[in-house]
Amino acid sequence: LPVYRPYVVPGTPARDVDAKRVDVAAEGARGAFTVAGEGDAVEVVRDLALGRIGTGPDQRDFAARFAQVASALRAKAVEDTACYRFTPLSSAAEVGGDPAGPAVPPEEFHAHCVRMQRDWPEGGTVLSTHDTKRSADVRAALAVLSECPQRWRVALRTARERSAALPDDGHRPPDAHAEWTAWQTAYGLGVPDAERLTEAVTKSAREAGLHTTWTEPDADYEAALGRFVAGAVCGAPWAVMDDLAAELAPHVRATSLGMTLVQLLMPGVPEVYWGGERRRASLVDPDNRRVPVVVGDDGADEHKLRLTAAALRLRRERPEWFLTGSSYEPLRARGRAAGHCLAFVRTGEVVAVATRLSLRLAKGGGWGDTSLGLPPGVWRDELSERSFEGTVPLTDLMSASPVALMRQA
């Protein structure tokens, strides 16, 4: 199933969306049988789960238990196994994400928001939780790598060469998958913390279950993994990742701020995880349960705090602009770099503008002739304190920040 479970109420027909999902899943399961007749059992399970056959307490009990087991199965099979095995871009291998489709075009995002506003205007929206494998800021750093795969290839090759040049006292990676995971995790975290990284990478190896597991841990493999993380990833070769992080920092910042702006102002009720109002780089639990470190002299950190505070104050002052009864409308930029702009208006009173794929934007020459037509009136940016109206060149609108949060002046 593409979701945790079907939501079936005993005694009432299943919703079309639930019936379709279970039908598709059943068709896929049926194809796994080599004997066609054995696949008939799949149809029986499908119909019982959707309440199509049977009556009474036993039928209701089956439907409830199917939903309960479906949730656990998806969590363990997809989120806690497949997402640790399939990690070309680990920021996409996240709870609620789709590693095979790590990005969506603006129009698809707008369509999702229109559905959210129509069907679940007060549903929750999150970036980081106690259950995410990597915090939003770690994922922002990793996501930028998708804009420069060749640069990542060079950095990784250099790091591997430096690792190979270390004295051979156990600093070799135990396997290629662990090596790839460890370097991505270290780059995303941004600091060569051997204790935190070893704990996170060891957990990912156990969840993946390729060489070690929770129930049958391989002590030798895990020891080799720990030595590699401590001696190579957090040793002298770390300088390669440090240089890469410094080079990409402006684009990581743009991605993080864009994620924050969109989450806080899109349809739904946003949850800000502990410490998430500032930059918080954390890994899978228990790392994400650590007390957040407040960094007071980091400009990017303070910018995220200002953005979060401005958006939440606005939601508190005018909840009717964001909750049930409010509206969501896409705003579309025009020009050669229009695909790098994600913008929308809430209830005709608030405009949000975020930069997409800022590294590619910079490589392409910037905003150029791209402009954004604002709704009628004068709009004041709560972050830069500048005012705009009409059709605004994005070179002007985004000159001070990769995001803009505007309200009617």
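Here are a few things to note about the model shown:
- Every residue from segment 64-78 that is under 18 Å from Arg206 (Cα atoms) and free of Cβ contacts under 8 Å to residues at least 60 places away in the same chain: Ala72, Leu73, Lys76, Ala77, Val78
- Test: residue in segment 179-187 that is more than 21 Å from the chain's Cα centre (by Cα), under 23 Å from Thr132 (Cα atoms) and crowded, with 20+ Cβ neighbours inside 10 Å: yes
- Checked against (1) part of a helix (DSSP H, G or I); (2) over 27 Å from Ser91 (Cα atoms), Ser326 passes all but a single condition, namely (1).
- Filter result (assigned to a loop (DSSP other than H, G, I, E, B) and over 23 Å from Leu257 (Cβ atoms)) within segment 131-176: Asp131, Ala165, Leu166, Pro167, Asp168, Asp169, Gly170, His171, Arg172, Pro173, Pro174, Asp175
- Qualifying residue in segment 359-370 (condition: under 30 Å from the mean Cα position of the chain (by Cα), touching a residue at least 12 places away in the same chain (Cβ under 8 Å) and under 25 Å from Ala309 (Cα atoms)): no
- Condition met for Arg278 (of a type in the set (Lys, Arg) and crowded, with 17+ Cβ neighbours inside 10 Å): yes
- Among the candidates Ala159, Ala111, residue that is out of contact with any Ser or Thr (no Cβ under 8 Å at 6 or more places or on another chain), over 30 Å from Arg30 (Cβ atoms) and in the same structural domain as Arg253 (by TED's automatic domain parsing): Ala111
- Close Cβ contacts (under 7 Å, 6 or more residues apart or on different chains) running from residues in segment 36-54 that are free of Cβ contacts under 8 Å to residues at least 24 places away in the same chain and assigned by TED's automatic domain parsing to the domain that holds Lys20 to residues that are surrounded by fewer than 16 Cβ atoms within 10 Å (Cβ to Cβ) and part of a loop (DSSP other than H, G, I, E, B) comprise Gly39/Phe33; Asp47/Ile53; Leu48/Gly54.
- Evaluated against (1) without any contact (Cβ under 8 Å) to a residue 24 or more places away in the chain; (2) surrounded by 13 or more Cβ atoms within 10 Å (Cβ to Cβ); (3) basic (Lys, Arg), Arg316 falls short on exactly one condition, (2).
- Candidates Cys148, Cys83, Cys113 - the one that is touching a residue at least 40 places away in the same chain (Cβ under 8 Å), surrounded by 12 or more Cβ atoms within 10 Å (Cβ to Cβ) and more than 30 Å from Ala205 (Cα to Cα): Cys113
- Of all residues in segment 10-33 being outside any helix (DSSP H, G or I) and loosely packed, with under 12 Cβ neighbours inside 10 Å, the one that is modelled with the lowest pLDDT: Gly11
- Residue-level check: of (1) under 27 Å from the mean Cα position of the chain (by Cα); (2) in a loop (DSSP other than H, G, I, E, B), Thr198 misses just (2).
- Members of segment 269-295 found to be within 17 Å of the chain's Cα centre (by Cα), in a loop (DSSP other than H, G, I, E, B) and over 30 Å from Arg318 (Cβ atoms), listed by number: Ala281, Ser282, Val284, Asp285
- Checklist (1) within 29 Å of Val126 (Cβ to Cβ); (2) at pLDDT 95 or above; (3) not β-branched (Val, Ile, Thr) applied to His303, failing item: (2)
- Search result, residues across segment 45-64 that are surrounded by 12 or more Cβ atoms within 10 Å (Cβ to Cβ) and assigned to a helix (DSSP H, G or I): Val45, Arg46, Asp47, Leu48, Ala49, Gln59, Arg60, Phe62, Ala63, Ala64
The values are calculated or read from the model by the stated rules, or taken from the named source; none is laboratory data. Because the structure is a prediction, the values reported are computed rather than measured. All Cβ positions, even for glycine, are placed from backbone atoms using ideal geometry, and neighbour counts span all protein chains on display.
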